[in-house]
Amino acid sequence: MSIINEKCIALRLHASDAQDGIVKAGQVLLHEGYIRKEYIDAMLKNFEKNGPYFAIAPGFAMPHARPEDGVIQSGISLITLENPVSFGSSNDPVKLIMALATSSDNEHLEFMTKIAGLLGKEHVIERLYQCVTADEVMSIINNN
């Protein structure tokens with residue numbers, strides 16, 4: 001089983017800044033029924049309050065909020081940005097965003113472990129960023 005649903009992948013989106021990137025990644029989850037709109041608002045508030053701590057690797061950010069902030073079911077969206085944006089982090093510019101929505105703290109840790117394992121593979125962020133189809137993304141995720 002994959003950590004991501006193919007329907008939760010959107011490639012080469014335009015984002016004007018970090019907040020817009022967070023919104024775009026959240027909208028994918030919203031559209032697919034994983035979250036309610038207030039979860040996107042909570043991710044934005046999290047970013048405003050705590051800064052860019054979820055820009056966790058060069059070129060990569062993983063915004064999230066608490067389960068009670070609007071998670072319907074656990075899921076991850078993956079978006080790439082046509083033009084990378086600044087999150088105000090040493091890992092800038094961000095070109096790949098995975099929004100994480102989990103229904104429990106245990107599940108949050110489980111997803112984080114899987115994502116860390118994926119990101120630990122050589123050049124995986126760059127390989128994901130170069131993808132032009134969701135099938136290509138799924139191939140990289142499922143074969144690493």
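General observations
- Taking the protein heavy atoms of the stretch 1-95 in the context of the full set of protein chains, the accessible area attributed to carbon and sulfur is 51 percent at 1.4 Å.
- Accessible surface, the chain, averaged per residue in Å² (probe 1.4 Å): 48
- Note on the chain: helix-only mean residue ellipticity at 222 nm, from DSSP H runs of 4+ residues weighted -39500 (n - 2.57) and normalised by residue number, equals -12500 deg cm²/dmol.
- Gyration tensor (alpha-carbon) shape descriptor, the stretch 1-44, a/c threshold 1.5: oblate
- With a Cα cut-off of under 25 Å and a minimum spacing of 8 residues unless on different chains, the lysine pairs in the chain number 17.
- Taking every Cα-Cα distance in the stretch 42-108 and sorting them into 5 Å bins starting at zero, the pair-distance distribution P(r) comes out as 4, 19, 25, 25, 17, 9, 1 percent.
- Per-residue packing, averaged as other Cβ atoms within 10 Å, sorts the ranges 116-123, 71-78 into the order 71-78, 116-123, beginning with the highest.
- Distance between the stretch 35-84 and the stretch 108-144 - C-alpha centres, whole angstrom: 17
- Paramagnetic label zone (point 7 Å from Cα along Cα-to-C-beta, ASP105; backbone N under 12 Å) in the stretch 37-81: 67
- Cα-based shape type of the stretch 80-124, given that a ≥ b ≥ c are square roots of the gyration tensor eigenvalues and the cut on a/c is 1.5: prolate
- For the stretch 36-95, trypsin sites (Lys or Arg not before Pro) are listed when DSSP marks them as loop and at most 16 other Cβ atoms sit within 10 Å of their Cβ; the list is ARG36.
- The fraction of all Cα pairs in the chain landing in successive 5 Å bins from 0 to the largest distance is 2, 11, 22, 25, 23, 13, 3, 0, given as whole percents.
The values are calculated or read from the model by the stated rules, or taken from the named source; none is laboratory data. Nothing here was measured: the structure is a model prediction, and the numbers come from that model. Counting neighbours? That spans all protein chains shown, and the Cβs are built from the backbone with ideal geometry, glycine included. Heads up: the accessible areas ignore ligands, DNA and RNA and are worked out on the full protein's heavy atoms, side chains in. Shrake-Rupley method; radii C 1.70, N 1.55, O 1.52, S 1.80 Å.
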